[in-house]
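Worksheet: one structure, shown below.
Values in this text are rule-based calculations from the coordinates and carry no lab data. In this text, all values refer to a predicted model and were calculated from it rather than measured experimentally. We place every Cβ from the backbone using ideal geometry, glycine too, and count neighbours over all the protein chains shown.
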Amino acid sequence: MGKRVLVIVFGIAVLAILFFVAFIPLANDFYARQVKEELLGTPLPENTEIIDSVSRAGKLVGNGNGIQYFGAILLKSDLSLQELEDYYADFRENEWSYVVERQKDQSVEVIEHGSVRFSKKAEENGCYIVYSWGDGPNLLEELDLRGR
């Protein structure tokens, strides 16, 4: 009987570890998608359309441990960079939200570690990226192995 209990306890421990190894990255990806969804839910300025969107959770910029949550939309607009910055300034909560920059290709340049790319190609003129950095639970940020 003792051997059977030990096998059950060991099995439960292995399942718990597997659950957390799978659950934590999925949960962090969910928080990154929420950042993207907030951008997608923001009203667009006139003469502007969304071409694509991306989100990513991971160690994306800087040094140290922890996870960052990133969301971005790729826009095609007849507006200038300054006009888009002025428009999105009304939605900005801090210096890390609703950042507007010109976008010349599929690669997201603000990401330092790894690669984040739009699936759709940005055109030479009139394409912009609007991106935000978000937050998630501190415990999930610290336990995700991608943040090391």
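Within the chain, what's the longest run with no GluC sites (Glu not before Pro) in a DSSP loop and at most 10 other beta-carbon atoms within 10 Å? Give the range, please.
On the way: sites that count: E46, E93, E95, E112, E124.
Looking at the chain, 47-92 is the longest stretch - no exposed GluC sites (Glu not before Pro) with at most 10 other Cβ atoms within 10 Å.
Among L18, L40, L81, the largest mean-square fluctuation in a Gaussian network model of the chain, built with springs joining Cα atoms closer than 10 Å, belongs to L18.
Each label point was placed 7 Å from the Cα along the Cα-to-Cβ direction; for E112 and T42 their separation is 2.3 nm.
Our summary gives the chain a relative contact order of 29 percent, counting only alpha carbon pairs under 8 angstrom and 6 or more residues apart. The helix-only estimate of mean residue ellipticity at 222 nm for the chain, built from DSSP H runs of length n ≥ 4 each weighted as -39500 (n - 2.57), is -12500 deg cm²/dmol after division by the residue total.
Each Cα pair under 8 Å and six or more residues apart adds its sequence gap; the mean of these over the residue count of the stretch 65-148 is a relative contact order of 48 percent.
Comparing Y69, Y88, Y98 in a Gaussian network model of the chain (Cα springs below 10 Å), the most mobile by mean-square fluctuation is Y88.
Look at where the Cα atoms of the stretch 28-89 and of the stretch 122-148 average out, and the two centres are 8 Å apart. Taking the square roots of five times each eigenvalue of the Cα gyration tensor of the chain, the equivalent ellipsoid has semi-axes of 40, 14, 13 Å, listed largest first. A straight chain from F30 to D78 at 0.36 nm per residue would run longer than the Cα-Cα distance by 14.1 nm.
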